[in-house]
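What follows is calculated from the coordinates using simple rules that are stated; it is not laboratory data. On a predicted model such as this, the values are computed, not experimentally measured, just so you know. Backbone-built Cβ (ideal geometry, glycine too); neighbour counts: all protein chains shown.
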Amino acid sequence: MRIVVAPDKFKGSVTAHEAASQLAAGIRDARPDAHVDVLPVADGGEGTLDAALGAGFERHELRVTGPVGAPVTAAWARRGEEAVVEMALASGLAALPHTDGRPVLAARTATSRGTGELVAAALDAGCTRVLLGVGGSASTDGGAGMLAALGVRLLDARGRDLPDGGAALADLATVDVAGLHPALARTEFVLAADVDNPLTGPRGAAAVFGPQKGASPEDVDVLDAALATFRDRLAETLGDAALRTATAPGAGAAGGVGYAALAVLGATRRPGIDVVLDLVDLDSAVAGADLLVTGEGSLDEQSLGGKTPLGVLRVGQRHGVPVVAVCGRTTLDPETLRTTGFSAVHELRALAPDADTSMREAPRLLREVGHRLVWD
């Protein structure tokens, strides 16, 4: 019997690698003769780097500028001339400093500079293809910080470099791209982003995602106007294409980093789960398997919109392999679950007295579910 285990993280509980390892251990407990392939995956946000490492990429750690300016230790991954950069590690909510156990949010001043520093390191190392996963960002700066780390100068009316952060873009007078990293001209960028929001407006980066990063209604107005100024000044330098790109699907991803990637780096946007599944070559692993196991913390309506379980399910269906989903909980009704295509869905909370216990004891419960998958 050959089984492929390819879950995402169970947020707030276990990483994708931990989830996969525990499920695999439970399967082997019940069926020592089973051949189990462990392939932790992600949807292009947090966990993307770990998925790359599991696929044979090499980790490169780097001290970079964190989302509020203080240095943080982040990493990028390399395999040959291909690099993977996970924005969350350098410029994400998880990289924010904490006070009393809570992240210190900085809606107006948070920067994507650290992400640009990771990209620059990959370029300096000779990589010619960069996969940029942008989920979980803390900034709303239009990717200005990332571009500054790659050699772009953002100047005010007196020719001074602007400070980092989205709000500072209100004072942007000139964008100077003369110092842009020379390797960018020969590098292919792939933007792993699921959201289709534009840069500005009621569906833009500030309006939709700013409140999740601590932005007040006033902050949202300030940031949205500043992003519009950034767009206009960039168009003066790059031409009208920069204006059109601001309305392209995904321009509003990650506080506008999607815009900078599309307009300046020439990135191609793809759904995050598709990027990661190609990265780990799940198709090859699933071919000829007897069972495919996937999952994430919450199996809900958002999952049906293209998150990890549905992406993995599509691969299994292509190969005629039954797919089982494991989750901490599901909010989907029985009828919806029946129509998804999963051969079975297992909830950890069904094995625990309450939600806190199911999260706290997720490793043990995942191992138990793995045992049940092949024992029942």
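For this structure, a couple of remarks:
- Going from the residue with the fewest nearby Cβ atoms within 10 Å to the one with the most, Val177, Val257 rank Val177, Val257.
- Distance between the pseudo-spin-label points of Asp333 and Ala94 (7 Å out from Cα toward the beta carbon): 3.5 nm.
- In terms of other Cβ atoms within 10 Å, Ser216, Ser139 run from fewest to most in the order Ser216, Ser139.
- Sorted into 5 angstrom bins from 0, the C-alpha pair distances of segment 56-272 split as 1, 8, 17, 22, 22, 17, 9, 3, 1, 0 percent.
- Signed unit charges on C-beta, dipole axis of the chain, positive-most listed residue Ala122, Thr174, Val323: Ala122
- DSSP beta bridges in the chain [antiparallel fraction, %, rounded to 5]: 40
- Translational diffusion coefficient (Stokes-Einstein; Kirkwood radius from C-alpha pairs) of segment 26-128 at 20 °C, 1.002 mPa s, in µm²/s: 141
- Percent of Cα pairs exceeding the 27 Å cut-off, where the set is segment 217-376: 46
- Cut-off 12 Å, label 7 Å out along Cα→Cβ of Glu81, residues of segment 186-205 by amide N: 186-188
- Think of each Lys and Arg Cβ as +1 and each Asp and Glu Cβ as -1; about the Cα centre, that makes the dipole of the chain roughly 280 debye.
- Normalised by 2.2 N^0.38 Å, with N the number of residues, the alpha-carbon radius of gyration of segment 238-287 equals 1.47.
- Between Thr340, Thr48, Thr268, the residue with the greatest mean-square fluctuation in the GNM of the chain (Cα pairs under 10 Å linked by springs) is Thr340.
- Taking 15 Å as the straight-line reach from the Cα of Lys213, the aspartates and glutamates in range (excluding those fewer than 8 positions away in the same chain) are Asp141, Asp221, Asp224.
- Translational D in µm²/s for segment 259-302 (Stokes-Einstein at 25 °C, 0.890 mPa s, Kirkwood Rh from C-alpha pairs): 183
- Neighbour counts of C-beta atoms inside 10 Å place Leu265, Leu172 in the sequence Leu172, Leu265, starting with the fewest.
- Summed residue charge, Cβ within 9 Å of Val326's Cβ, Lys/Arg positive, Asp/Glu negative: -2
- FRET efficiency for Arg102 and Thr268, using Cβ-Cβ distance with R0 set to 45 Å, rounded to 0.05: 0.75
- Degrees, to the nearest 10: 362-375 long Cα axis against longest axis of the chain: 50
- Segment 56-272, dipole about Cα centre (Lys/Arg Cβ +1, Asp/Glu Cβ -1), debye to the nearest 20: 280
- Loop-located GluC sites (Glu not before Pro) across segment 81-166 with a Cβ neighbour count of 15 or fewer within 10 Å are Glu81, with loop assigned by DSSP.
- Largest-first ellipsoid semi-axes for segment 159-244, taking √(5λ) over the Cα gyration tensor eigenvalues, angstrom: 24, 18, 12
- Note on the chain: GNM, Cα springs under 10 Å; of Leu304, Leu277, Leu118, the largest mean-square fluctuation is that of Leu304.
- Each label point was placed 7 Å from the Cα along the Cα-to-Cβ direction; for Leu351 and Glu236 their separation is 6.1 nm.
- Correct choice for log10 I(q)/I(0) by the Debye sum over Cα atoms at q = 0.06, 0.12, 0.14 Å⁻¹ that was computed from the model, options (i) -0.20, -0.82, -1.12; (ii) -0.24, -0.88, -1.12; (iii) -0.39, -0.92, -1.08: (ii)
- At R0 = 56 Å, FRET efficiency that the Cβ-Cβ distance of Gln317 and Asp171 yields, to 0.05: 0.60
- In segment 56-272, taking the dipole from charged Cβ atoms about the Cα centre, the farthest positive-side position among Thr99, Gly239, Leu262 is held by Leu262.
- GNM result for the chain, Cα springs below 10 Å: residue of Gly341, Gly143, Gly135 fluctuating most strongly: Gly341
- Cα centroid separation, segment 308-361 to segment 49-103 (Å): 29
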